[in-house]
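Here's the structure, in structure tokens; my notes come after.
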Amino acid sequence: ETLARVLMSDPAIEIEGARANGQPFFLMAGAGFDGEVVKRLAAPLKQRVGKIAYIPATLQALRLPAADLDVTVDGASYRAGWVVVARARSYGGAFVMAPEAGLTRPGLVAVLFHSTRLLVRIRQLLALAIGRHHRLGDVDLIPCRQVSIRSASPVAVEVDGDMFGATPLDVDFGGPRMRLIVPSAYAEKVAAAI
């Protein structure tokens with residue numbers, strides 16, 4: 001009943017998305033580890049058990065050698081084993097991937113996980129689970145508008161939680177727009193922040 005009331009009477013806000021290899025998206029694009037997890041995710045299992053289905057996919061992806069990615073963020077060069085380009089703050093529902101990102105904020109946040117060592121990747125995942133990955137010395141969060149990801153061999157890519165193919169990946173802020181109906185309190189908060 002509450003949801004119906006919001007849909008019928010609350011305001012709409014406009015959000016701007018981004019493009020991954022020219023295709024619109026609104027939440028995130030990732031190359032490397034999270035792309036490998038999505039690639040191995042069993043959709044029928046996910047429909048039956050929900051997020052628990054990510055556990056075997058994650059364990060399978062952890063057994064793979066880490067990617068070696070050449071990443072360009074607004075013209076600056078980096079190397080990483082895993083990259084998420086965030087438009088939204090949250091990742092996978094409850095996890096905060098990019099605290100400074102937001103659908104009503106301009107731009108993207110490139111989250112670069114630099115290490116390719118297994119034990120370090122496990123530490124990064126545990127830190128992500130408790131929202132402290134951005135405090136690790138081998139993780140960078142970089143506000144940006146454009147990210148290019150290249151690799152010597154194809155590396156799995158996901159966009160908005162769905163398999164998107166493989167590298168190369170070019171992400172640009174801007175282009176697609178969408179109107180979302182939101183609770184009045186949220187719309188007021190967005191208006192106050194502008």
Note down the magnitude of the dipole of the chain about its Cα centre, charges +1 on Lys and Arg C-beta and -1 on Asp and Glu C-beta and zero elsewhere, to the nearest 20 debye. 540
If you count only protein heavy atoms and use a 1.4 Å probe, how large is the accessible surface of Phe95, to the nearest 10 Å²? 80
What percentage of the solvent-accessible surface of the stretch 1-49, computed with a 1.4 Å probe over protein heavy atoms, is contributed by carbon and sulfur atoms? 56
Let me know the shape class of the stretch 105-163, please: from the alpha-carbon gyration tensor, a ≥ b ≥ c as square roots of the eigenvalues, rounded when a/c is under 1.5, otherwise prolate if a/b is greater than b/c, or oblate. oblate
As an exercise, use a Förster radius of 35 Å and the Cβ-Cβ distance of Leu59 and Ala166 to find the FRET efficiency, rounded to the nearest 0.05. 0.95
In debye, nearest 20: dipole of the stretch 110-194 around its Cα centre with unit charges on the Cβ of K, R (+) and D, E (-)? 280
Note: Val6 to Ile130 extended length (0.36 nm per residue) minus current alpha-carbon separation gives 41.5 nm
Could you pull the Cα extents of the chain along its three principal axes, largest to smallest, in whole Å? 51, 43, 31
Carbon plus sulfur fraction of accessible area for the stretch 56-194, probe 1.4 Å, in percent: 57
Just to make sure I understand: if all protein chains stay in place, what is the order of Arg145, Arg19, Arg179, Arg63 by accessible area at 1.4 Å, largest first? Arg63, Arg179, Arg145, Arg19
Just read off the accessible area of Met163 with the full protein assembly in place, 1.4 Å probe, to the nearest 10 Å². 80
Global size of the stretch 1-41 as Cα Rg and Dmax, reported in angstrom: 16.5, 42
Take Leu119, project a point 7 Å from its Cα along the Cβ direction, then tell me which residues of the stretch 54-86 have their backbone nitrogen under 18 Å from it. 62-66
So for the stretch 148-191, taking the charge dipole from beta-carbon charges (+1 Lys/Arg, -1 Asp/Glu), which of Phe164, Ile149, Gly174 sits furthest toward the positive end? Gly174
Quick check: from the Cα gyration tensor, does the stretch 1-69 come out rounded (a/c under 1.5), prolate or oblate? oblate
Out of Ala42, Ala166, Ala86, a Gaussian network model of the chain with alpha-carbon springs under 10 Å gives the largest mean-square fluctuation to Ala42
Rounded to whole Å², per residue accessible area for the chain with a 1.4 Å probe reads 54
Computed [θ] at 222 nm, deg cm²/dmol, the chain (DSSP H ≥ 4; -39,500 (n - 2.57); rounded to nearest 500): -8000 deg cm²/dmol
Could you put Ile122, Ile55, Ile149 in order of accessible surface area, largest first, with the 1.4 Å probe and the full protein assembly present? Ile55, Ile122, Ile149
Suppose accessible area is computed on protein heavy atoms with a 1.4 Å probe; arrange Asp74, Asp138 from highest to lowest. Asp74, Asp138
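The values are calculated or read from the model by the stated rules, or taken from the named source; none is laboratory data. It should be emphasised that the depicted structure is a prediction, and the values quoted were computed from it without experimental measurement. Note that each Cβ is placed from the backbone with ideal geometry, even for glycine, and that neighbours are counted across all protein chains shown. Heads up: the accessible areas ignore ligands, DNA and RNA and are worked out on the full protein's heavy atoms, side chains in. Shrake-Rupley method; radii C 1.70, N 1.55, O 1.52, S 1.80 Å.
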